[in-house]
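Step one of this worksheet: look at the structure below.
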Amino acid sequence: MDKDRYTTALIADSSSTEDSKYGLFDPFVGSWKFDLFWYSTGEERLAGRGEWHWSWILNGRAVQDVWECYTVAESGRLVELGTTLRMYDRARGNWRIVFFSPVRGFVDTLVADRAGDEIVLQGIGRSGNPCLWIFSDV
């Protein structure tokens, strides 16, 4: 396989200018370090630290990220290695999102849109229960 040809076909330089909605995730494109917190029974707990890499793909009509997260409690054991595909669906007027975790065998499907200053993602999580992701203070 020619990795250079694959990368050239996949990666885009910017979001598509066809529709301004393609730019919703523009602020995230790049590489980031993050702290992962879990919320349970009203408590916040630092669960891990990792890196998150975002890129426009497919002529700027979609966004993909790759992230890896390591525990803080168990000497940096890999907790998660996954990718999320985000595609703006012009017919529906929202973003369709699928998160894949091959390490843990998870798949989450969500839809997203802007809600005020936040980006709100809602859907069904790996457990079959509703899930909610919110990007705020962007």
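The values are calculated or read from the model by the stated rules, or taken from the named source; none is laboratory data. No experiment lies behind these values; they were computed from the predicted model shown. Heads up, the Cβs are rebuilt from the backbone with ideal geometry, glycines too, and the neighbour counts pull from every protein chain shown.
Within segment 82-134, being assigned to a loop (DSSP other than H, G, I, E, B) and surrounded by 13 or more Cβ atoms within 10 Å (Cβ to Cβ) holds for V103, G125, R126. Within segment 65-81, if we keep just the residues that are surrounded by fewer than 18 Cβ atoms within 10 Å (Cβ to Cβ) and in contact with a Cys (Cβ under 9 Å, 6 or more places away or on another chain), the residue that is nearest to S14 (Cα to Cα) turns out to be L81.
Name the single residue that is surrounded by the most Cβ atoms within 10 Å (Cβ to Cβ) among those in segment 41-64 being among the aliphatic types (A, V, I, L, M) and either in a strand (DSSP E or B) or modelled with pLDDT under 95 (or both). Going through the qualifying residues, I end up with V63.
For segment 13-30, a tally of residues being surrounded by 12 or more Cβ atoms within 10 Å (Cβ to Cβ) and either under 17 Å from L85 (Cα atoms) or within 15 Å of the chain's Cα centre (by Cα) (or both) returns 11. The residues of segment 27-40 include none that are at pLDDT 95 or above and charged (D, E, K, R).
Among the residues making up segment 1-27, those that are in contact (Cβ under 8 Å) with a residue 60 or more places away in the chain and assigned to a helix (DSSP H, G or I) are K21, Y22, P27. Scanning segment 50-96 for residues that are in contact (Cβ under 8 Å) with a residue 40 or more places away in the chain and among the hydroxyl-bearing types (S, T, Y) turns up S55, Y88.
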